[in-house]
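What follows is calculated from the coordinates using simple rules that are stated; it is not laboratory data. Not measured: the values here are computed from a predicted model. When we count neighbours, we look across all protein chains shown, and the Cβ atoms used for this are built from the backbone with ideal geometry, even at glycine.
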Amino acid sequence: MTVEVRVPTLGESVSEATVATWFKKPGDSVAADEMLCELETDKVTVEVPAPAAGVLAEIVAAEGDTVGVDALLAQISEAGSAGPEEMQIRKAAEVTAEPKADEGKMTDVMVPTLGESVTEATVSTWFKKVGDTVAQDEMLCELETDKVSVEVPAPAAGVLAEILAPEGSTVDAKARLAVISEGAAAPAPKTEAKPEPAKAKAAAKDVEDAPAAKKAMAEAGISRDQVTGTGRDGRIMKEDVARAAAAPAPAPAPAPAPAPAAAAPRAPVPAEDASREERVKMTRLRATIARRLKDAQNTAAILTTYNEVDMSAIMELRNAFKDQFEKKHGVKMGFMSFFVKACCHALKEVPEVNAEIDGQDIVYKNYVHMGVAVGTPSGLVVPVVRDADQMGFAAIEKKIAELGLRARDGKLSMAEMQGGSFTISNGGVYGSLMSSPILNPPQSGILGMHKIQDRPVVVNGQIVIRPMMYLALSYDHRIVDGKGAVTFLVRVKEALEDPRRLLMDL
């Protein structure tokens, strides 16, 4: 038998609370009246006891979620009944098979598989609203993870009866997103949930920290400015205070100047300017890009070396064979396959550029998984051409075209962006003449391509006009010496200026 754990009465005029802490996890045994979780409201902290003894089968409202009075928090499988796995299966069957009085069969919309090592996502966009009719497999919403965007299709046709995870909320890999009423008209009672966003906006104007958090800050001697709130609308929760208290104290600075804060506040903005600004929450992808690039600068000893390459030979070869190439292989001959082949050739001679540091070890890789940076509307992603050193020009062009299209459509899987050993970034497509690319951790090298520009150069004592491109190799100086980096870039230059060297393995 299944027993529901619901939000208790919170007090007069209190209509919602935030799940602060779960003391149990699914599969744990619980005794009757044992504390399961703690809720925080604007005024009090409420502990939720177990209504019966048994096994905690499912947690419906995760830590940080905002819930209303009588909302479902969890499910308990009473002692002597089915185990937690069987209860989850039975619950899913009950939800989809149990129609309400004026509704059809109810079907849950669940978070789809996000990929290995991905445990949560952010609901970025709902394409439907409560009361809308949906067809089976029609896109309902889009989720954002640290790497990819995931579209969620409707598991059945019907009416979107309820949205459980609004835009901007973070959900785990097994969360319920919405409920569909199959074969029914739009359920009027569910529209009562619509005023909630307005309520949230009103609350955001005057955010009150959780009482338990205030008490914890007072006991720890921590000011509010030292704590980053993760609750709704930036509200500080008790666990935020615990993290701030556990953080190591900063070392005393030798200079009297105060150390800058981790996130410095903006300078004051005049009222007439503030009214013309727009504030948009950073996407998970953009936040991950920012974090990884900053981590690379903080961890690796990044140095960049430059060279330039005469693109005449490649352009002549391409012009001579591009029509035959496309006719035979069904893909256009671009410049990227030449650069991939040239880099694979150079990495064999300078293997440390294809290696990475793991603790106190250097891991040398006897393969080349080539990352190719691609700009998308959501930000920069780096799909990987696996075993590029074993592929021919046509196979490389086909794979890059396929990955580029999937990247721009937001269809890349996690596996397609993991495991790269070296990266090529082409800023030239945007008109960049020269730049210093940042490493893609834990890789030790990245090649930056740039705009092809006609420039005067000296050839055999004569000044001639040639299509030239600047190349930039950023590398981790902890593992790659200057000699190795320069040798690598010279080998790439030689292979591009005389592509016959690639055929002869010279």
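Can you tell me the FRET efficiency between A267 and V69 if r is taken as the Cβ-Cβ distance and R0 is 41 Å, rounded to the nearest 0.05?
0.45
May I ask for the Rg/Rh ratio of region 268-360, computed from Cα atoms with Rh as the Kirkwood radius, given to two decimals?
1.19
Each residue of region 387-396 in turn: what ³J(HN,Hα) in whole Hz from Karplus with 6.51, -1.76, 1.60 and θ = phi - 60°, glycine and Pro shown as x?
Going residue by residue, I get 6, 4, 5, 9, 9, x, 4, 5, 5, 5 Hz, with x marking Gly and Pro.
Using only the Cα atoms of region 361-466, construct the convex hull and provide its projected area averaged over every direction, in square nanometres to one decimal.
Orientation-averaged projected area of the Cα hull: 9.4 nm².
Compute the label zone of R501 within region 302-316: residues whose backbone N is under 18 Å from the point 7 Å along Cα-to-Cβ.
305-316
Distance in nm between label sites at R408 and D137, each 7 Å beyond Cα in the beta-carbon direction?
For the pair R408/D137, the computed spacing is 2.5 nm.
Excluding same-chain residues fewer than 8 positions from K105, which aspartates and glutamates have a Cα within less than 20 Å of its Cα?
E94, D132, D137, E138, E162, E182
Provide the FRET efficiency to the nearest 0.05 for the S432-E120 pair, computing r from the beta carbons and using R0 = 45 Å.
0.80
Step through the table entries K451/K493; K238/K281; K214/K281; K327/K398; K341/K399, compare each Cα-Cα distance with 18 Å, and write down the pairs that go over it.
From the list (K451/K493; K238/K281; K214/K281; K327/K398; K341/K399), the Cα-Cα distance tops 18 Å for K238/K281; K214/K281.
Given labels modelled 7 Å from the Cα in the Cβ direction, how far is it in nm from R224 to S15?
Reported label-point gap for R224 and S15 is 2.4 nm.
Can you give the FRET efficiency to the nearest 0.05 for T304 and K129, using r as the Cβ-Cβ distance and R₀ = 41 Å?
Here the calculated transfer efficiency is 0.25.
With a 10 Å Cβ neighbour count serving as the proxy for reagent exposure, in which order, fewest first, do E349, E239, E272 appear?
Lowest to highest Cβ neighbour count: E272, E349, E239.
Amide H to amide H, which residues 5 or more places from T125 or on other chains are under 5 Å from it, using H placed in the peptide plane?
E142
So what J values fall out for region 402-416 if you push phi through Karplus, 6.51 cos²θ - 1.76 cosθ + 1.60 with θ = phi - 60°, rounded to Hz, Gly and Pro as x?
With the stated coefficients, region 402-416 comes to 5, 5, x, 5, 5, 5, 5, 8, x, 9, 5, 8, 4, 4, 6 Hz.
Where does each of D505, D172 land when they are ranked from fewest to most other beta-carbon atoms within 10 angstrom?
Ordered from fewest to most neighbouring Cβ atoms within 10 Å, D505, D172 come out as D505, D172.
Based on alpha-carbon centroids, what's the gap between region 418-473 and region 274-324 in Å, whole number please?
11
Kindly write out, for region 430-438 in residue order, the coupling ³J(HN,Hα) from the Karplus curve 6.51 cos²θ - 1.76 cosθ + 1.60 (θ = phi - 60°), rounded to whole Hz, with x marking Gly and Pro.
Those phi angles translate into 9, x, 5, 8, 7, 7, 10, x, 9 Hz.
What distance in nm separates the simple spin-label points at E326 and K214, each placed 7 Å from Cα in the Cβ direction?
So the two model labels end up 7.0 nm from each other.
Sorting L36, L447 on the 10 Å Cβ count, fewest up front, what's the list?
Starting with the residue having the fewest Cβ neighbours, the order is L36, L447.
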